[in-house]
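See below for the structure under consideration.
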Amino acid sequence: MSRSIYVAVLALVSLLLFGCPYESKIPISRPTEKVNNSLLGTWESEDEVYNTYIITAAGTHEYHIEQRTSDGQRYQYTGFVSVVRGATFLNAYDAKEKVYYLYRLKIDSSSRTVTVMPFAKELPYKFTDTTELNKYVWRSMNLRDFYDIGEQAVYRWVRPAEASNN
């Protein structure tokens, strides 16, 4: 099988196996947490080999997140971190779809890894108020069913932000 067919089949299979995470019209909070410089750079995962993420600062409180797929596609997101009860959450905004994708991040600075846990797409509520969503996250964040554990992936930092723009 040629390489291009293999990559196309891999991309299709990954779309079928890995569904979209929970979509929200609103974020967990407003962007108040300053950019964490240890998150800047290029990130790759053995769990999700078909994507590379390049994260740069997009301001004092926001990140620019570029997703590059193994078949050459690129997707852009604007993200920021919310902290709830000491836990870190990523609000990744897709301007084309006009939705936030919500994830819990477990950051291990010593090993330069981040475990990304998407919210379960089957969550029973669609929130219209940030305060209510934040309260729901506060109450539910330690429940296993709150996350799509099958979609969890561990990412390793591979290059600094300065070397990521190629």
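No lab work stands behind these numbers, since they all come straight from the coordinates. Note that the structure is a prediction, hence the values are computed from the model and not measured. Positions of Cβ are backbone-derived with ideal geometry, glycine not excepted, and every protein chain shown enters the neighbour counts.
Results, tabulated for the structure shown:
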item: Sorted by Cβ neighbour density within 10 Å, fewest at the top, the residues E132, E48; result: E132, E48
item: Calculated from backbone phi, Karplus (6.51, -1.76, 1.60) coupling profile of the range 53-58 in Hz, x at Gly/Pro; result: 10, 10, 10, 10, 6, 10
item: Where labels lie 7 Å past Cα in the beta-carbon direction, separation of A87 and H61 in nm; result: 2.2
item: Length released on extending from D108 to R30, taking residue separation times 0.36 nm less the Cα-Cα span; result: 25.7 nm
item: Fully extended contour minus Cα-Cα distance, from I149 to K98, at 0.36 nm per residue; result: 15.9 nm
